[in-house]
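Inspection log for the structure reproduced underneath, given as structure tokens.
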Amino acid sequence: MKVSEVFETMDYGPAPESPAAANAWLEDHERRFGLFINNEWVFPEEAEFYASYDPAKGEKMADTVQAGQEEVDAAVGAARKAFKSWSKTPGKTRARYLYAIARNIQKHHRLLAVLESMDNGKPIRESRDIDVPLLARHFYYHAGWAQLMESELSDYQPVGVVGQIIPWNFPLLMLAWKIAPAIAMGNTVVLKPASYTRLTALLFAEVVAEAGLPPGVVNVITGSSRAGSMIVTHQDVDKIAFTGSTEVGRILRRQTAGSGKKLSLELGGKSPFIVFDDADLDSAVEGVVDAIWFNQGQVCCAGSRLLVQEDVADRFLDKLKARMEHMRVGDPLDKCIDMGAIVDQTQWDTVDGWVKTGVSEGGDLFQPDIELPEKGLFYKPTLICNLDPAAEVVQEEIFGPVLVSLTFRSPAEAIALANNTRYGLAASVWSDNINLALDVASKVKAGSLWVNCTNLFDAASGFGGYRESGFGREGGKEGLFEYLGPTWQKRPRPDFEAPEDGEDISTWGTTTPARPTLPDDGNGRGSEKELPSVDRTPKMYIGGKQARPDGHYTRAILGPKGEIVGQVGDGNRKDIRNAVEAAHAAHLAKPGWAMRHGYNRSQILYFIGENLDARAEEFTHRIRAMTGRSEKSSKQEVDLSVERLFTYASWADKFGGSVQETTLRGITVAVNEPIGVLGIACPDEYPLLGFVSLMAPAIARGNTVVMIPSEKHPLSATDFYQVLDTSDVPGGVVNIVTGDRDHLTKTLIQHEDVDGVWYFGTARGSYHVEYESAANMKRTWAGYGLARDWTNPAQGAGHEFLHEAIQVKNIWVPTGE
Ligand code: NAP
């Protein structure tokens, strides 16, 4: 027998990891767990219990409590009490605790990994080499940020009590992504693990207590989605951090709407894996294996949509199928297997249902001829080819080991197909042409972009989505802001009660009738002695041109004594739609506003400032006439507006991103990308300064905007378009639609092509904006009708505004070796 034949016939022997230590830990607890509150096990009287199973063996592992309202209250109460001292504990002291937790994780590395594999069904190779090392890494990394917080984040404070809800696919890792930044920044936590995988979160709670963390800082409660909902709606919870499905994310967005609670959502995905014909195909095949069959495909950022360039598609798919024939599916505790068990029978059925759908949609099914264990929830790696891009299995997240494959001809088609999804979590691009790969990486809309690599994660790089994959980042400096608020503002508590479910909410945003204009305003118009002054009714400003309101209505603008000081167009849905179209065109034009370099955008912002300054007197009079404020105060508003334009002209080329210091040998670049088309409803106080303070950061960072000026005092905004006209602002970058603020905002928030809405109207309007944003997960920023001093640079300008204007994309580029 030749050596090559020996290699071909040789099989792997089993290399089992012992479950003894994990079983001993379960036995120590008599396989029955309470809730972990205040560093103690709490067994509620008459508690209901829920059974946890090992999905690979089908054996029951333990019982855990189903928390109810009383237990949720107790956990939130413990966290609130602990917050008082923990938030005041110096950063360097908190750092010591996080460091101790990281060390303790490493001490219990093997136990955590084995229990994770038993509870979830994932291969021990992954839990041992990826999940648990990253768990420790997150605590080390964030220990560093706790140490540095006072010097590096001095304008920020912790948010308060944080409710954290996580899924079952990476129970430990998801918990680390949430708990580490939260407690590093001085918050306290109530965490609920997913029902299928509760055990490692409970083990972790013990590990944390053993490390000496003060009671109440981290509380872990088990329970169903009902318990999750109780956390979300709890009055004393200040922020919700959620990872899970987009469907549940939408529910949470609606439940927290208008409450002033901070929210971050890490949701589902359908990430493209793009292979160009010049890629190293063998490496790309290995990449696919990692992208879709890592963790049985139960990965939010799984490369589940394979896009292969047509001329190499057959060759590539042949190689992939051959590789699939060598995959080993089996006991998660066997160190030699590639894929373990699906987490639960329900999930197995869902996956299988999707595969059947794929076949019924005309797809060609391929599953390798490999053996699966007789018992347990195992599923073969699956490939479905020749589907239509609109097929349901191509569009929907399957969350299992199922890959769909499409082909493309040109880079432009690859980008179009990649972006043809409502999600935007991650993408992987394979090409030996670095120009092509980076160009595609910059054009695919997703939070993580891997060039010639896939599924790379590190605590130093933020992870999170675009579009319906959610918002907020976990990891990196950018992730810290999810757990921080500006020092000047306590948690907003809006003066508005959300309507009960089912209550009619349609009255919001119905237009108030425009005030009729009097024929003679008493200022001489129509008088016989003098010539009447030339009538000037400001119009809308859309696509760089003045536009009459579609409905041909105007509204009278009254001064402080009720006198008419001017008229503006009364905008309607059509005007908003036209403005959104113009904003999109400005975004997509070549070069679109976002593609212009920061220097160019800064020059234009300086120019706007210069031209506003030249007309300071006119604007001063206008503000005075509308508001009745003194000349000094009105002039100050104009001067501050000019200053603010200069501030954001400065920021236009200084907030582009950074190189992240991850564990990758190569480059991980965090790019601060614009959100896209933003709709902005301005406050009534400071009609010019409020308008400028919101418009300037948005356009400085490459967004195009539809501005709804102050409803009460819109005239300085309509004067402003003359300034824009003389300042080289490309048409469509800034669009201005006047009228009823809430009526216009309603159209904006419901518009599918608007990427984000900033709303500085009432508390009630803020509620509706947040509630309606859930339809397609728009980014929102609401003022909740609370006072903000726009003249104070800490409140009216700065990082908070810049952060709201961007979303971070991390591009990972390995550099070899
Ligand atoms: P899920 O059904 O949305 O559940 C996630 C968590 O939310 C669980 O703890 C669940 O509790 C809880 N929950 C369910 N309904 C709730 C409600 N109405 N109110 C409050 N909490 C509620 O998601 P999953 O099936 O566990 O996880 C899979 C999903 O997570 C996939 O879509 C995946 O893409 C996504 N994911 C995203 C990321 C990311 O970073 N973007 C990472 C991992 C996973 P129970 O388990 O008790 O029902």
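Among the numbered criteria (1) modelled with pLDDT of 95 or more; (2) charged (D, E, K, R); (3) more than 30 Å from residue 457 (Cα to Cα), which single criterion is violated by residue 653?
(3)
Could you check segment 173-188 and list, in sequence order, the residues that are polar (S, T, N, Q) and either within 16 Å of the ligand (Cβ to nearest atom) or assigned to a strand (DSSP E or B) (or both)?
Across segment 173-188, the qualifying residue is only 188.
Which one of these does residue 229 not meet: (1) within 13 Å of the ligand (Cβ to nearest atom); (2) buried (at least 21 other Cβ atoms within 10 Å of the Cβ)?
(2)
Against the condition among the hydrophobic types (A, V, I, L, M, F, W, C) and within 28 Å of residue 446 (Cβ to Cβ), how does residue 708 come out, does it pass?
Against the criterion (among the hydrophobic types (A, V, I, L, M, F, W, C) and within 28 Å of residue 446 (Cβ to Cβ)), residue 708 does not qualify.
Give me the pairs: first residue in segment 10-23 and loosely packed, with under 10 Cβ neighbours inside 10 Å, second residue of a type in the set (S, T, N, Q), beta-carbon distance under 7 Å, and six or more apart or on different chains, which are they?
Correct list of pairs: empty, since none qualify.
Need at least 1 residues that are within 22 Å of residue 446 (Cβ to Cβ) and touching a Gly at 6+ places or on another chain (Cβ under 6 Å) per element, so show me which strands (runs of 3 or more DSSP E) inside segment 250-326 make the cut, counting only ones lying wholly within it.
Output list reads 262-266, 272-275.
For segment 274-288, how many residues are in contact (Cβ under 8 Å) with a residue 60 or more places away in the chain and either among the aliphatic types (A, V, I, L, M) or within 16 Å of the ligand (Cβ to nearest atom) (or both)?
Of the residues in that region, 5 qualify.
Among the residues of segment 246-270 satisfying the criterion of being of a type in the set (Ser, Thr, Tyr) and farther than 13 Å from residue 774 by Cβ, which is nearest to the ligand (Cβ to nearest atom)?
Among residues in segment 246-270 that are of a type in the set (Ser, Thr, Tyr) and farther than 13 Å from residue 774 by Cβ, the one nearest to the ligand (Cβ to nearest atom) is 264.
Can you confirm whether segment 94-117 contains a residue that is touching a strand residue (DSSP E or B) at 6+ places or on another chain (Cβ under 8 Å) and open to solvent by less than 60 Å² (accessible area, probe 1.4 Å)?
The answer is no, given that none of the residues of segment 94-117 is touching a strand residue (DSSP E or B) at 6+ places or on another chain (Cβ under 8 Å) and open to solvent by less than 60 Å² (accessible area, probe 1.4 Å).
Being touching a strand residue (DSSP E or B) at 6+ places or on another chain (Cβ under 7 Å), under 18 Å from residue 645 (Cα atoms) and open to solvent by 10 Å² or more (accessible area, probe 1.4 Å) is the filter here, so list the residues in segment 675-726 that pass it.
701, the sole residue that qualifies.
Does residue 291 fit the bill of being crowded, with 22+ Cβ neighbours inside 10 Å, more than 10 Å from the ligand (Cβ to nearest atom) and farther than 27 Å from residue 765 by Cβ?
Against the criterion (crowded, with 22+ Cβ neighbours inside 10 Å, more than 10 Å from the ligand (Cβ to nearest atom) and farther than 27 Å from residue 765 by Cβ), residue 291 qualifies.
So which residues in segment 599-638 are within 19 Å of residue 565 (Cβ to Cβ), of a type in the set (Lys, Arg) and open to solvent by less than 70 Å² (accessible area, probe 1.4 Å), if there are any at all?
Residues satisfying the conditions are 615, 622, 629.
Is it fair to say residue 56 is under 30 Å from residue 186 (Cα atoms) and crowded, with 17+ Cβ neighbours inside 10 Å?
When the stated conditions are applied, residue 56 does not pass them.
If you check 222, 200, which single one turns out to be more than 13 Å from residue 35 (Cβ to Cβ) and either crowded, with 20+ Cβ neighbours inside 10 Å or within 12 Å of the ligand (Cβ to nearest atom) (or both)?
On inspection, the qualifying residue turns out to be 200.
Which of the following residues is part of a loop (DSSP other than H, G, I, E, B), more than 14 Å from residue 329 (Cβ to Cβ) and over 31 Å from the mean Cα position of the chain (by Cα): 362, 376?
362
Can you tell me which residues in segment 145-172 are within 16 Å of the ligand (Cβ to nearest atom), touching a residue at least 60 places away in the same chain (Cβ under 8 Å) and in a helix (DSSP H, G or I)?
Passing the criteria: only 172.
The values are calculated or read from the model by the stated rules, or taken from the named source; none is laboratory data. Because the structure is a prediction, the values reported are computed rather than measured. Cβ sites come from the backbone with ideal geometry, for glycine too, and all protein chains shown count toward neighbours. Side chains are part of the model used for accessible areas, which takes the heavy atoms of the whole protein and leaves out ligands, DNA and RNA. Shrake-Rupley method; radii C 1.70, N 1.55, O 1.52, S 1.80 Å.
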